[in-house]
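Visitor: Quick one: the structure is below, questions incoming.
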Amino acid sequence: ESAEVGTLVTRVNATDADEGLNSEVTYTVTNFIPPSGRDMISINPNTGEIHLTAALDFEEVNVFDFRIEARDRGTPPLSGHSKLVLEVLDVNDNAPEVWVTSLSVPVPEDAAVGTVVALLSVSDRDSGANGRVRCWVWPASPFGVEARLAGSYSLVLREALDRERVSEYEVEVRAEDGGAPALLGRLGVRVAVSDVNDNAPAFLQAVYTVLARENNAAGAELARLWARDPDEAGNGRVSYSVWEGGVGGGWRPASSYVSFEVRAVDAGEPPLCGNATVQLFVLDENDNAPALLPPAGSLPEAGGVAGEASLSSSSSVSESGSGTLWAWAAWGAPAGQVVAKIRAVDADSGYNAWLRYELWEPRGKGPFRVGLYSGEVSTARALDEADGPRQRLLIVVRDHGEPARSATATLSVSLLEAAEAALAAAAGSSPSSSRSALGVELGPGAASAATNVWLVVAICAVSSLFLLAVVLYGASRWAPRAAVLSGPGPTTLVCASEVGSWSYSQRHSRSLCVADGAGKSDLMVFSPNFPPPPPGPAAKDAQPEQPALLDT
């Protein structure tokens, strides 16, 4: 069928036994089967050569029948006939053809493996090996081709789909025949993947750290969070909420650190959600002035100890508070002796709560100074009477915030003799005395003096008792012996008290002291009861005499 136009197909030859014109033969084609063969060949009437006059097509007509007539030139002319069969040989000149008979798109991304996406038909007009076709999908994709019936194939899903990774595939189905050379047929198929709500919203971070200053206005933006949902349409539309985790509801108490979860939920069916933890750190602002504290170990009371003092807390915008501060110091106290200590606290944190203490009044070289960061009020030099009976100190407690806030305290220091100062400190430290509730502690010098006074008093008391015991012992040791009491007589009262009398009876004991010999100072006391009175009226005359004390 690939022979070119003009190709010599064959040559026919007829013989005639006559001579001359009777033997001259001419050739013609008289019959064509199929009729289209009339245009396919031509015959040379003199030589009998048959040539192609049109291209052959095996797929159209693969066999032609021709009737060839040979006629002489005699009178009358005689003819002979022959049948010519022209068989067209197949050539692999047709590529396979592929077309879609059924297509199911889009394909859900959660479609199962083996799902049929399309039905295909494949054909090749050639015959034999030239018409045998094999099919495949190019390039490699989640789809494949499976043969069903002769010339029928299925485009099926061989791998799971993910629309978020690939939302559409351009699939090319290729068909190749078995000819030499082989011919290839192609068909492109576009397969769209539909979305399924298979992705939960995801935050960029699992934990967000947010820094926010305190005292910000309600409704102020603290942070902006964003969750990504790769699904499309409603499956990817995200809404946000603060999730309390199902543990109660309402507002949580304010603090410098708050941790909560933000939940992002899409609008798919069923809805999917993602969570992120937000750690909110509240940054401190210097919005609290220093506050003075009561002395360590004391209870705040409305009143104070004798004397006059004042206390105030102040800042750039407010002033409040009042009270009493008092301290004692002894004349002659050396430099560096702590008289009192100012105690204060700031509710802020960091530098805003770092306090420093300054002596505001008196300025210059006064007898007292204040520790910059300890708040201890101590003597700057040795105290003398020229400093007067009382010193008034104005102390400022200031933080390191910006702007700085402060509190002021007025401390009155009474200058006394050493003994008076110690007694005053001891009286002020007793539990029954009034205590100042305004942040001052007595210095260790006053407390030490009070301890020394009580120690001296205790030593004197013990010594006095010891001397008294020695004197009594000596008097009892060398005193004259007592006489022997004998014979009958009235009952002698030995000791009397509000609970009764102790006495002895001469009828029972003849002697209260031992005879001469080893010295004894024992007192023998027997029955404490009186003898029963005699019966009759004589009992009235038997009353004992007025008891008398027995001297030893």
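The values are calculated or read from the model by the stated rules, or taken from the named source; none is laboratory data. Here the structure is a predicted model, which is why all the values come from computation and not from measurement. Here Cβ is always computed from backbone atoms with ideal geometry, including for glycine, and neighbour counts include all displayed protein chains. Ligands, DNA and RNA are excluded from the accessible area calculation, which covers all protein heavy atoms including side chains. Shrake-Rupley method; radii C 1.70, N 1.55, O 1.52, S 1.80 Å.
Visitor: With the structure loaded, tell me whether Ala449 is at pLDDT below 80 and open to solvent by 70 Å² or more (accessible area, probe 1.4 Å) or whether it fails that test.
Guide: Numbers: at pLDDT below 80: yes; open to solvent by 70 Å² or more (accessible area, probe 1.4 Å): no.
Considered against the rule, which asks whether it is at pLDDT below 80 and open to solvent by 70 Å² or more (accessible area, probe 1.4 Å), Ala449 comes out as no.
Visitor: Can you list residue pairs whose Cβ atoms sit under 8 Å apart, with the first residue in the stretch 196-213 being assigned by the TED database to the domain that holds Val242 and of a type in the set (Lys, Arg) and the second being open to solvent by less than 70 Å² (accessible area, probe 1.4 Å) and not in a strand (DSSP E or B)? Count only pairs 6 or more apart in sequence or on different chains.
Guide: Filtered contacts from the stretch 196-213: Arg213/Glu285.
Visitor: Assess whether Glu269 counts as being at pLDDT 85 or above and acidic (Asp, Glu). Working first, answer last.
Guide: Values: at pLDDT 85 or above: yes; acidic (Asp, Glu): yes.
Yes; evaluated as a whole, the condition is true for this residue.
Visitor: Would it be correct to say that Val29 is assigned to a strand (DSSP E or B) and within 20 Å of Asp90 (Cα to Cα)?
Guide: no
Visitor: Can you name the residue in the stretch 346-393 that is open to solvent by 70 Å² or more (accessible area, probe 1.4 Å) and of a type in the set (A, V, I, L, M) and is also nearest to Thr408 (Cα to Cα) among such residues?
Guide: Looking at the filtered set, the residue picked out is Leu372.
Visitor: Is there a residue in the stretch 174-185 that is of a type in the set (Asp, Glu), without any contact (Cβ under 8 Å) to a residue 60 or more places away in the chain and open to solvent by 40 Å² or more (accessible area, probe 1.4 Å)?
Guide: Among the residues of the stretch 174-185, not one is of a type in the set (Asp, Glu), without any contact (Cβ under 8 Å) to a residue 60 or more places away in the chain and open to solvent by 40 Å² or more (accessible area, probe 1.4 Å), which makes the answer no.
Visitor: Taking Asp16 as meeting all but one of (1) part of a loop (DSSP other than H, G, I, E, B); (2) closer than 14 Å to Val88 by Cα, write down the number of the exception.
Guide: All conditions are met except number (2).
Visitor: Output the strands (runs of 3 or more DSSP E) that fall wholly within the stretch 159-248 and possess 1 or more residues being more than 26 Å from Pro270 (Cα to Cα) and touching a Phe, Trp or Tyr at 6+ places or on another chain (Cβ under 9 Å), or say none. Spell out the reasoning first.
Guide: Values: elements: 168-177, 184-194, 207-213, 238-243.
Qualifying strands (runs of 3 or more DSSP E): 168-177, 184-194, 207-213.
Visitor: Answer with yes or no whether Leu52 is touching a residue at least 60 places away in the same chain (Cβ under 8 Å), over 30 Å from Arg174 (Cβ atoms), surrounded by 12 or more Cβ atoms within 10 Å (Cβ to Cβ) and not assigned by the TED database to the domain that holds Val156. Full working, then the answer.
Guide: On the way: touching a residue at least 60 places away in the same chain (Cβ under 8 Å): no; over 30 Å from Arg174 (Cβ atoms): yes; surrounded by 12 or more Cβ atoms within 10 Å (Cβ to Cβ): yes; not assigned by the TED database to the domain that holds Val156: yes.
So Leu52 does not fit the description; no.
Visitor: Since Thr101 meets every condition but one in (1) open to solvent by 70 Å² or more (accessible area, probe 1.4 Å); (2) among the polar types (S, T, N, Q); (3) closer than 30 Å to Ala17 by Cβ, which condition does it not meet?
Guide: Tallying (1) open to solvent by 70 Å² or more (accessible area, probe 1.4 Å); (2) among the polar types (S, T, N, Q); (3) closer than 30 Å to Ala17 by Cβ, Thr101 fails exactly one: (3).
Visitor: Of (1) loosely packed, with under 14 Cβ neighbours inside 10 Å; (2) touching a residue at least 24 places away in the same chain (Cβ under 8 Å), Asn130 satisfies all except one. Which?
Guide: (1)
Visitor: Kindly provide the set of residues from the stretch 203-219 that are open to solvent by less than 50 Å² (accessible area, probe 1.4 Å) and of a type outside the set (Ser, Thr, Tyr), ordered by number. Step through it out loud before you land on a result.
Guide: Filtering the stretch 203-219 down to residues open to solvent by less than 50 Å² (accessible area, probe 1.4 Å) leaves 203, 208, 210, 212, 214.
Phe203, Val210, Ala212, Glu214, listed by residue number.
Visitor: If I filter the stretch 362-369 for residues that are modelled with pLDDT under 90 and not in a loop (DSSP other than H, G, I, E, B), do I get at least one hit?
Guide: no
Visitor: Of all the residues that make up the stretch 62-93, how many are open to solvent by 30 Å² or more (accessible area, probe 1.4 Å) and in a loop (DSSP other than H, G, I, E, B)? Write out each step before concluding.
Guide: Going residue by residue through the stretch 62-93, those that are open to solvent by 30 Å² or more (accessible area, probe 1.4 Å) are 62-63, 65, 67, 71, 73, 75-85, 87, 89-91, 93.
Restricting the remaining residues to those that are in a loop (DSSP other than H, G, I, E, B) gives 62, 73, 75-78, 89-91, 93.
Selection size over the stretch 62-93: 10.
Visitor: Okay, moving on. List every residue pair whose Cβ atoms lie under 8 Å apart, where the two residues are 6 or more positions apart in sequence or sit on different chains, the first residue falls within the stretch 352-369 and is of a type in the set (D, E, K, R), and the second residue, located anywhere, is part of a loop (DSSP other than H, G, I, E, B).
Guide: Arg356/Leu372; Arg356/Tyr373; Arg356/His400; Glu358/Leu372; Lys365/Ala380; Arg369/Ala380
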